[in-house]
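Below: one structure, written as structure tokens.
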Amino acid sequence: MKPTMAYALVPVADQGDLVRYLGEINQFPILTPEEEFQLAVRYYEHADLQAAHRLVSSYLRYVVKIAKEYANYGLRLMDLVQEGSLGLMQAVKKFNPYKGFRLATYAIWWIRASIQEFILRSWSLVKIGTTAMQRKLFFSLRRHKSSIERLDRDEAMLLGQKLGAKTQEILDMDGRLVNRDDSLNRCVLEDGEELQNLIPDKRNNQEVALLATETANLNRRAAIDALRVLNDRERAIIAWRILDDTPLTLEEIGRKLGVSRERIRQLEQRALAKMRQALLPLPA
């Protein structure tokens with residue numbers, strides 16, 4: 001089992017200073033095809049971490065170049081570089097030098113995949129790239145929209161034909177790109193006032209909520225008292241007709257009790273009249 005390469009393969013740099021970072025990684029020489037092959041064989045066959053370190057270091061400039069292609073997604077460039085560097089390390093781990101192609105060809109795929117996965121994770125709390133088509137649309141749609149004045153259904157249909165996607169898939173992804181997550185702690189005024197402090201609270205105040213709760217409790221107790229004036233058959237009819245989540249029809253209850261539909265209607269009306277009488281206030 002090969003030992004992990006860990007952080008030692010990535011030169012230590014101040015992530016807030018891209019210029020300094022570029023100066024550091026440019027000190028690592030570009031490998032010739034022969035040198036690259038020998039180093040790749042040393043790691044592939046003997047898990048030589050020094051060889052892996054040299055391979056990763058020589059391709060860090062590729063990571064920065066690819067990361068710059070995704071600079072318009074609103075994320076810090078050094079964060080993209082860091083994610084791309086992780087992808088590069090995965091490429092070195094899995095690279096087979098005997099396949100007959102250069103590490104760059106293999107590593108570029110891993111670097112892009114790592115950066116794209118980071119962008120998708122950072123774009124929204126809701127996962128938006130769950131399928132291969134959604135991932136393709138996320139990164140292709142921004143590029144194509146730059147030449148479209150307004151993405152309506154007709155434009156979405158034409159764009160879908162180019163990308164091999166359905167019109168609704170194009171419109172859905174466009175909505176996700178436009179409506180990004182927002183923070184309630186975002187400052188919206190010059191004095192630092194946060195968005196959450198400007199959103200009105202439409203809930204009832206405590207007094208109104210308490211009154212509604214007390215009223216509901218009184219109505220519940222009154223209904224229970226009113227049911228006590230009914231006999232067993234009347235109480236069963238009221239339960240089946242009114243209290244159950246799925247009320248029964250008059251005909252269904254009639255079959256249960258062995259009487260006609262009309263008789264059930266009469267019993268129901270009589271039971272409701274008795275309950276209303278029980279709920280009336282006593283005379284002074």
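Derivation of every value follows stated rules applied to the coordinates shown; laboratory data play no part. Here the structure is a predicted model, which is why all the values come from computation and not from measurement. Please note: Cβ atoms are built from the backbone with ideal geometry, for glycine as well, and neighbour counts cover all protein chains shown.
Once the Cα gyration tensor of segment 33-109 is found, what semi-axes does its equivalent ellipsoid get, as square roots of 5 times the eigenvalues, in whole Å, sorted largest first? Please report the intermediate quantities before stating the final value.
Details: eigenvalues 128, 27, 17 Å².
So the three semi-axes of segment 33-109 are 25, 12, 9 Å.
Taking other Cβ atoms within 10 Å as a rough exposure proxy, His46, His53 sort from fewest to most as His46, His53. As a rough footprinting exposure proxy, the listed residues Ser57, Ser85 were ranked by other beta carbons within 10 Å of their own, and the order from fewest upward is Ser57, Ser85. First check a/c for segment 206-279, with a ≥ b ≥ c the square roots of the eigenvalues of its C-alpha gyration tensor; if it is under 1.5, answer rounded, and if not, answer prolate when a/b is larger than b/c or oblate otherwise. Prolate, because a/c is 1.5 or more and a/b exceeds b/c.
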